[in-house]
Amino acid sequence: LETLGRFTFIEYYLPMPVTNAWVGRDGPEWRLDGLLPWHWWGYEGDGALKYDNRGDASQIVRAQQEREFQLRRLGLDILRFGWPDAYPNREPLADKVLAMFADHPVRSEPVRWWKDVPGRGPKEPTSTDWPLPHPPGIVLPAGQQHDLDGLRSADDELTAGSSQPSAG
């Protein structure tokens with residue numbers, strides 16, 4: 001599900017997220033499936049198994065609500081999506097992602113984040129870890145990219161008023 005989420009950004013010619021990024025007030029506290037640091041929002045892909053047929057489902061939902069409360073206090077907005085949004089086609093997810101970009105234009109300062117190093121935990125990102133605040137220019141084979149021309153004009157709106165901020 002997370003892979004389909006990332007692919008949606010490529011398929012619909014959108015700025016790429018940082019995957020498995022950590023955020024927090026004074027240090028890394030919460031990991032997100034995806035983070036758009038220049039736009040101040042992140043996403044979580046949630047499969048139904050997380051909730052279905054579990055005696056602790058209410059505790060899982062409560063912990064999720066508390067986590068989102070803390071993330072919003074940092075100034076982040078959160079998009080949640082599930083399998084119906086991303087499979088078999090990603091258009092419903094792309095619509096939600098485009099709505100998030102419309103609500104969250106590029107800011108001059110990114111949200112503070114740490115990269116996830118498997119087996120080691122959160123670490124300071126290097127300059128090469130930082131995503132671009134605009135689409136990276138990845139072009140898929142014919143028939144795989146959707147509404148590229150329309151999204152190029154949306155890209156102009158996504159980056160309007162910004163001068164490609166740097167991470168350093």
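The values are calculated or read from the model by the stated rules, or taken from the named source; none is laboratory data. None of the values given here were measured: they were computed from a predicted structure. Don't worry about glycine lacking a Cβ; one is built from the backbone with ideal geometry, like all the others, and counts go over all protein chains shown. The protein model used for the area step is the full one, side chains on, heavy atoms only, and it has no ligands, DNA or RNA in it. Shrake-Rupley method; radii C 1.70, N 1.55, O 1.52, S 1.80 Å.
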Report whether or not Pro92 is open to solvent by less than 80 Å² (accessible area, probe 1.4 Å) and in contact with a strand residue (DSSP E or B) (Cβ under 9 Å, 6 or more places away or on another chain). yes
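I'd like to check which helices (runs of 4 or more DSSP H) are fully inside the range 51-168 and have at least 1 residues that are modelled with pLDDT of 90 or more.
Values: elements: 57-73, 83-86, 91-103, 148-158.
Where helices (runs of 4 or more DSSP H) fall fully within the range 51-168 and carry at least 1 residues being modelled with pLDDT of 90 or more, they are 57-73, 83-86, 91-103.
Does Ala21 fit the bill of being of a type in the set (Gly, Ala, Ser), open to solvent by less than 20 Å² (accessible area, probe 1.4 Å) and not in a helix (DSSP H, G or I)? Give the steps one after another, and end with the answer.
Details: of a type in the set (Gly, Ala, Ser): yes; open to solvent by less than 20 Å² (accessible area, probe 1.4 Å): yes; not in a helix (DSSP H, G or I): yes.
Yes.
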Identify all residues within the range 12-50 that are among the hydrophobic types (A, V, I, L, M, F, W, C), modelled with pLDDT under 95 and out of contact with any helix residue (DSSP H, G or I) (no Cβ under 9 Å at 6 or more places or on another chain); write none if there are none. Leu49
In the set Gly55, Gly34, Gly42, Gly27, the lone residue that is touching a Pro at 6+ places or on another chain (Cβ under 9 Å), of a type outside the set (Lys, Arg) and loosely packed, with under 15 Cβ neighbours inside 10 Å is Gly27
Single condition Gln70 does not satisfy, out of (1) polar (S, T, N, Q); (2) open to solvent by less than 30 Å² (accessible area, probe 1.4 Å); (3) over 22 Å from Ile138 (Cβ atoms): (2)
Among the numbered conditions (1) closer than 23 Å to Pro136 by Cβ; (2) at pLDDT below 95; (3) open to solvent by less than 20 Å² (accessible area, probe 1.4 Å), tell me where Thr3 comes up short. (3)
